[in-house]
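To start, the structure under review is shown below, and the notes come after it.
All of the numbers you see were taken from the coordinates with simple rules; none came from a lab. If you're wondering where the values come from, they're calculated on a predicted model, not measured in any experiment. All Cβ positions, even for glycine, are placed from backbone atoms using ideal geometry, and neighbour counts span all protein chains on display.
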Amino acid sequence: MTLKAKPVHESRTLLTDLIFPPDTNHHHTVFGGKVMAYVDKIACIAAMRHCRKPVVTVSSDSFDFLAPIKTGEAINLEAYVTWTHRTSMEIYIKVEAENLLTGEKRVTSRAYLTMIALDEEGKPTAVPQVIPETEEEIKQHEQAKKRYELRRKRKQEAI
């Protein structure tokens, strides 16, 4: 059975939250682990929207922290499926900080996570292909095969 390919916009997911003091370290900036948890959660939602099946995270790469998010700022996340293989999906996540008083926004992190879709027995199962729509999505889709091969190579070298 061939699954019908889906456009990127069907997986696009947005999340905004406010950063409070318990979310931050002694520098009054959000803990990196807290950002990573947000990223994993939004990637899961985007992947499930794409395949409409349960998913698990199998890889996180290119997770770059570019700038801090301070107490009182909003954290804005955007995620979408950029590419699929047989049972896996690559999800791109962009994280921004927003000063809610001035409206200033800045990119604070970027990441690619790989999720695997699971069937009713918890085994990997096929996912639909993705159709990129914008110039950025097309570029990410074209570069995804290279990222996939780098992940495979890294995994093999770790064994």
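Out of the residues in region 25-55 meeting the condition of being assigned to a helix (DSSP H, G or I) and basic (Lys, Arg), tell me which one is nearest to the chain's Cα centre (by Cα).
Lys41
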How many residues are over 16 Å from the mean Cα position of the chain (by Cα) and surrounded by fewer than 16 Cβ atoms within 10 Å (Cβ to Cβ) when one looks only at region 10-24? 5
Would region 33-53 turn up any residue that is without any contact (Cβ under 8 Å) to a residue 24 or more places away in the chain, under 21 Å from Glu120 (Cα atoms) and surrounded by fewer than 16 Cβ atoms within 10 Å (Cβ to Cβ)? yes
Can you tell which of Val95, Val127, Val81 is surrounded by 15 or more Cβ atoms within 10 Å (Cβ to Cβ), in contact (Cβ under 8 Å) with a residue 60 or more places away in the chain, of a type in the set (A, V, I, L, M) and in a loop (DSSP other than H, G, I, E, B)? Val127
Whether any residue in region 1-10 is basic (Lys, Arg), out of contact with any Asp or Glu (no Cβ under 8 Å at 6 or more places or on another chain) and either in contact (Cβ under 8 Å) with a residue 40 or more places away in the chain or assigned to a strand (DSSP E or B) (or both) is what I want to check. yes
Going through region 11-24 in order, the residues found to be of a type in the set (Val, Ile, Thr) and either farther than 29 Å from Glu137 by Cα or not in a strand (DSSP E or B) (or both) are Ile19, Thr24
